[in-house]
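Student: Questions regarding the structure given below will be posed in turn.
Every number here is computed from the coordinates shown, using simple stated rules; none is lab data. This is a predicted model, so every value here is computed, not measured. Heads up, the Cβs are rebuilt from the backbone with ideal geometry, glycines too, and the neighbour counts pull from every protein chain shown.
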Amino acid sequence: MAKVLLDGTFSSHPVHNAFFHVVLIENRGLCYKKLKSPPPPLLSSGTCELAQLVDSNQYDQYECLEANDIVGCQCMRDPIPSQQLLQEKSLTSSGSDSAEPNVEVSGTGQSAPIPHVAYFCVYSYPLRKQLFSKCMRRKRISVTFSVDSNDNFGDNLKVAQTWCSAIRCMLHGGAQAVSAPSSNGDSECQNGVTEKIPCQVCPLQRKLLVLVNPHSGPGKALRIFQERIVPVLAEAEVSYDLIVTDKAKFAQEHVRSANLNRWTGIVIVSGDGLVYEVINGLMEQIGRASCRERV
């Protein structure tokens, strides 16, 4: 059995005449399937919290972004919110009715956003087998859905925000009920019954300490961080403090004297030398036993 947190029908971006049934399933992820025909007007982009147990087998034919692979979700007016989100991929319709939707790279000539339409985009990095290789590598996939059932942007944005909030909460854990608006912007579902999503309390804003050795790579560590890691942190809405080391044992001294409660984690972009410095700095500040427990 599976617990459906949210259920709705949305058009895709950039192909607005392709409609998908979208469900958010607890502990599984976001599942979607292309509809053979457009839904009735009352169901288009509708959002109604089900929070009910259903047979998980009925979603076997759906494309699914697994919860463990999703890094974040964002609401927006423009479907491409920032130049930081490089190589944006959007959900488009497939060639046949029975096939799964394809993820293709969006072109650079995006049309201007429709004034009343809101969007929510989900970012995922599933493991995929490389061509002609047995190695597995994470591949970036993003899907973007349009919310356009209302005549004004504010009501459509409320629906998009509900989906983003529920997805973030599912990823981070907790135990708080959150209600969501229906397709007309009200707080009631289309059946007239106000329901609650058994959503989770999202944790406090995560912040990372990033230590980069600019000579590592060789000499490409900082560029690798800016080009490959920063876009992922932006998609996951994770802030960070960046420190570029300039001498030997700089990281060790900084970690030993810093207030570690300011960060939820430490990211090291370097070889194993900087890793040892950070571990030694942690042991000098909090002790060997505590370091084993926290690292």
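Student: Under 29 Å from the Cα of K249, which lysines turn up, not counting those fewer than eight places away in the same chain?
Tutor: Cα-Cα hits under 29 Å: K207, K220.
Student: Same structure, new question: Summing +1 for each Lys or Arg and -1 for each Asp or Glu, what net charge is found among the other residues whose Cβ lies under 12 Å from the Cβ of P115?
Tutor: -2
Student: Can I ask one more? When we measure straight from the Cα of K129, which lysines land under 23 angstrom away, once same-chain ones fewer than 8 places off are left out?
Tutor: K89, K139
Student: By how many nm would the segment from D69 to T264 grow when fully extended, if each residue of separation counts as 0.36 nm and the alpha-carbon distance is taken off?
Tutor: This chain segment gains 68.2 nm when fully extended.
Student: Mind giving me the FRET efficiency for Q226 and D60? R0 is 35 Å, r the Cβ-Cβ distance, nearest 0.05 is fine.
Tutor: 0.30
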